[in-house]
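Participant: Structure in structure tokens, see below.
The numbers here are math on the coordinates, done by the rules we state, and not lab data. Please read all numbers here as calculations on a predicted model, not as lab measurements. Neighbour counts run over all protein chains shown; Cβ positions are idealised from the backbone, glycine included.
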Amino acid sequence: MLLPLKDDNPLKRIPFQYVTVATIATCVAVFLWQLSLGPRGGQQAVYAYGVVPAVLFGFKDLPPDVAAIPEWLTLITSMFLHGGWMHLIGNMLFLWVLGDNVEDSMGHVRFVIFYVLSGIAAGLAQSGLNPESTVPMIGASGAISGVIGAYLMLHPKAPIHTLVFRFIVKLPAFVVLGFWIVFQLISASIASNTGGGVAWWAHIGGFVAGAILIIPMRHRDVPLFDGHGPFAHSGSLARRHDRSSVPDSGRWRR
């Protein structure tokens, strides 16, 4: 297991990662709200605000006392729900470590758009593979997978302090995040879509979306790949910026 704890990659363009922090705070607040509903109310909230593929694509309808918002809007609201403390903490740790530099690369407003689009792509990727599923899908990790894809495109060599079993070692981002996406691909290839568990294809879909979206959405002076390689720069304005060196039963988690 490789778990990122922090990176040595200071911000260059923004004074503080306001959107990243606000997103973490919102996810924590929503989870506390879920807990306040009790087991029955919390499960109803998961169906009401999580992505249910069969409902999203019109194969099924939620009971009137559960349906709360238009089906398409659950692609957004599902990003802020979580299935347990470990689900929440794991997602927020990845966002805290990696989100600030992606936000730094494009600014606050673009980062909001980027995050939402990555999460939507993740939800559609998982739902599209099993459109008649009635298992609700919740969690921020589809959107955070987009952040992972963007970070890997921007800073593959950035040092990340990583928990490897019981040891903390400093590894380049391409090792830590490369291991992560390979693990998602292997897990997706062997996982069944017939029951609750981890929505592996949501992770993959979000990752691909983030890796693509970072290209047009970053500021024009922000290079790709730490400023190295044939696709590192975009246009004449680009310049190099050196940088210092969990499944819940009965629902999909992202």
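Participant: Which chymotrypsin sites (Phe, Trp or Tyr not before Pro) from the range 122-174 combine a DSSP loop assignment with at most 11 other Cβ atoms within 10 Å?
Facilitator: Values: sites: 151, 165, 167, 174; in loops: 165.
Answer by residue number: 165.
Participant: Looking at 31, 164, 200, which one has the Cα that reaches farthest to the positive end of the dipole of the range 2-253 (charges on Cβ: Lys, Arg +1; Asp, Glu -1)?
Facilitator: The Cα lying farthest towards the positive end belongs to 164.
Participant: Report, in debye and to the nearest 20, how large the dipole of the chain comes out about its Cα centre when Lys and Arg carry +1 and Asp and Glu carry -1 on their Cβ.
Facilitator: Values: 17 positive and 13 negative charges, 105 e Å.
The dipole of the chain has a size of about 500 debye.
Participant: Pairs of lysine in the chain with Cα under 18 Å and at least 8 positions apart or on different chains: total? Walk me through the intermediate numbers first.
Facilitator: On the way: 6/157; 6/170; 12/157; 157/170.
Qualifying lysine pairs in the chain: 4.
Participant: Taking amide H positions as placed 1.01 Å from N in the peptide plane, with prolines and chain starts having none, which residues 5 or more places from residue 137, or on another chain, fall under 5 Å of its amide H?
Facilitator: 51, 52, 252
Participant: If you don't mind, another one. Take the alpha-carbon centre of the range 110-149, take the same for the range 1-54, and report the distance between them in whole Å.
Facilitator: The two parts, judged by their Cα centres, are 13 Å apart.
Participant: For the chain, what does -39500 (n - 2.57) per DSSP helix run (n ≥ 4), summed and divided by total residues, give at 222 nm, in deg cm²/dmol to the nearest 500? It would help to have the intermediate numbers written out before the result.
Facilitator: Values: 9 runs with 133 residues, N = 254.
Helices in the chain give a 222 nm mean residue ellipticity of -17000 deg cm²/dmol.
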